[in-house]
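K.L.:
Take a look at the following structure, please.
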2 protein chains.
Amino acid sequence: MRKIILNLATTLDGFIEGANGELDWCILEEDMHFDKFLESVDTIFYGRVSYDLWGNYQSDAAASDMEKRFSSLIQSMKKIVFSSQSRADEKATFISTDVVAEVERIRNQPGKDIWLYGGAKLITTFIENGLVDEYMISVHPTVLGAGKPLFENAARFDLQLTDTKVFKSGVVQLIYAPKTR
Amino acid sequence: MRKIILNLATTLDGFIEGANGELDWCILEEDMHFDKFLESVDTIFYGRVSYDLWGNYQSDAAASDMEKRFSSLIQSMKKIVFSSQSRADEKATFISTDVVAEVERIRNQPGKDIWLYGGAKLITTFIENGLVDEYMISVHPTVLGAGKPLFENAARFDLQLTDTKVFKSGVVQLIYAPKTR
């Protein structure tokens, strides 16, 4: 079965973006080998807002080669958008009903792993339904003081640490599996 | 000069306690060598509420030898309580005015390092006045979803990662210095 991987960046105080949407604290460096992660997945799960913001993002001419490569890899992926309203979109498949059954169907199809991108509401739905197989949380060395929390309104749960990676920039990636009881 | 060290435990979502004061997620294990930290400090800085809750905590007869040792070490320390109201307390010194000047005076006295214990409001005051020399944040493998945040209402700031320690329990200690610009 394909793994569903929540992979995202947070600040040290647990925010995925600032109160005004700030993401300028987010560091992307060669030694993170983000392309290796992107090569391990072939499908991205988005909430509707995240998809509209980032689903068709393209690096511009001024971007680094690394960013252009990431952009190109992301564009090549299959995109699934979970939304209360269905939509015809040639670049993505919209799912608006039977979310859990649809996710189970997709994860049982052959393919690479799946990147659960967010936002927070979609992540909470996935956590509550036991649909996250791996958590890759890149903790950045910044405190925002306020913003949008990663696990907003989640019911309490425990995780099992499986790995950590420390990057030159001071980012620490914490990798967890769901806790088996 | 003695270092002022903020050393505390947070959940993965950045809370120092749950919405109802829950601390039962907090893990204390032999391999954390918390006694080594306690032996490196001889003074604890508390906010008034934290002091009233924990300042004179004593392990009970049922506690483990490790807990009894921690309790005994903590009892032996000099305690400074920052509070808007002064109070006569034979076990602690209360400071209610000129906080920054008083802290500077104390940190320039001879002695071991100083443990900045909390709560959140006191921590914010220290951060805003550049009085924290080291941040030791033990990230626990639990998501609470709600609670009291460590860095509530702090103005944005960056840190410099200096070390990380991974414990058997899945706790990851992130150690930071203030970022020099």
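The values are calculated or read from the model by the stated rules, or taken from the named source; none is laboratory data. Remember, predicted model here, so these are calculated numbers, not experimental data. All Cβ positions, even for glycine, are placed from backbone atoms using ideal geometry, and neighbour counts span all protein chains on display. We work out accessible area using only protein heavy atoms, side chains counted, and drop any ligands, DNA or RNA first. Shrake-Rupley method; radii C 1.70, N 1.55, O 1.52, S 1.80 Å.
K.L.:
Using only helices, what value at 222 nm comes out for the protein assembly as shown when you add -39,500 (n - 2.57) per DSSP H run of length 4 or more and divide by the total residues, to the nearest 500 deg cm²/dmol? Each step should come with its number before you reach the end.
P.N.:
Numbers: 8 runs with 72 residues, N = 362.
Result for the protein assembly as shown, helices only: -5500 deg cm²/dmol.
K.L.:
Taking only the Cα atoms of the protein assembly as shown, how large is their convex hull per residue, in Å³? Don't skip to the answer; put the middle values down first.
P.N.:
Numbers: hull volume 57.2 nm³, N = 362.
Given the Cα convex hull of the protein assembly as shown, per-residue volume reads 158 Å³.
K.L.:
Please work out how much length the chain gains when fully extended from A:D52 to A:E39, using 0.36 nm per residue of separation minus the C-alpha to C-alpha distance, in nm with one decimal.
P.N.:
Values: separation 13, 0.36 × 13 = 4.68 nm, distance 2.30 nm.
Stretched fully, the A:D52-A:E39 segment lengthens by 2.4 nm.
K.L.:
Let me ask you something else. Number of Lys-Lys pairs in region A:68-181 under 23 Å by Cα, sequence gap 8 or more or different chains?
P.N.:
Going through region A:68-181 pair by pair, I get 17.
K.L.:
Between B:V166 and A:S169, how many nm apart are label points set 7 Å from Cα along the C-beta direction?
P.N.:
Those two pseudo-labels are separated by 2.0 nm.
K.L.:
Once the mean 1/r over all distinct Cα pairs of chain B is inverted, what Kirkwood radius in angstroms do you read off?
P.N.:
Values: mean 1/r = 0.0586 Å⁻¹.
Kirkwood radius, chain B: 17.1 Å.
K.L.:
With the cut-off at 13 Å, report for region B:27-96 the share of all Cα pairs above it, as a whole percent. Can you show the working numbers first?
P.N.:
Numbers: 1615 of 2415 pairs.
Everything past 13 Å amounts to 67 percent.
K.L.:
Peptide A:144-151: average number of partner chain Cβ atoms within 10 Å per residue? It would help to have the intermediate numbers written out before the result.
P.N.:
Details: counts 5, 10, 7, 1, 0, 6, 4, 9.
If you average over the peptide's residues, the count of other-chain Cβ atoms is 5.
K.L.:
With an 8 Å cut-off on Cα pairs and a minimum separation of 6 or more residues, tell me the relative contact order of region B:1-150 in percent.
P.N.:
Working: 240 pairs, mean separation 75.8, N = 150.
Relative contact order, region B:1-150: 51 percent.
K.L.:
Here's something else I'd like to know. Given R₀ = 56 Å, FRET efficiency for A:S72-B:D24 by Cβ-Cβ distance, to 0.05? Mind dumping the intermediate values first?
P.N.:
Numbers: r = 47 Å, r/R0 = 0.84.
After rounding, the FRET efficiency stands at 0.75.
K.L.:
Within 10 Å of each Cβ in peptide A:14-25, how many partner chain Cβ atoms are there on average? Round it to a whole number, please.
P.N.:
Details: counts 11, 4, 0, 0, 1, 1, 0, 0, 1, 0, 0, 2.
Taking the mean over all residues of the peptide, I get 2.
K.L.:
Could I ask something else about it? In Å², and per residue, what accessible area does the protein assembly as shown have when probed at 1.4 Å with the other protein chains present? Before the final figure, lay out each step's value.
P.N.:
Details: 17880 Å² over 362 residues.
In whole numbers, the protein assembly as shown has 49 Å² accessible per residue.
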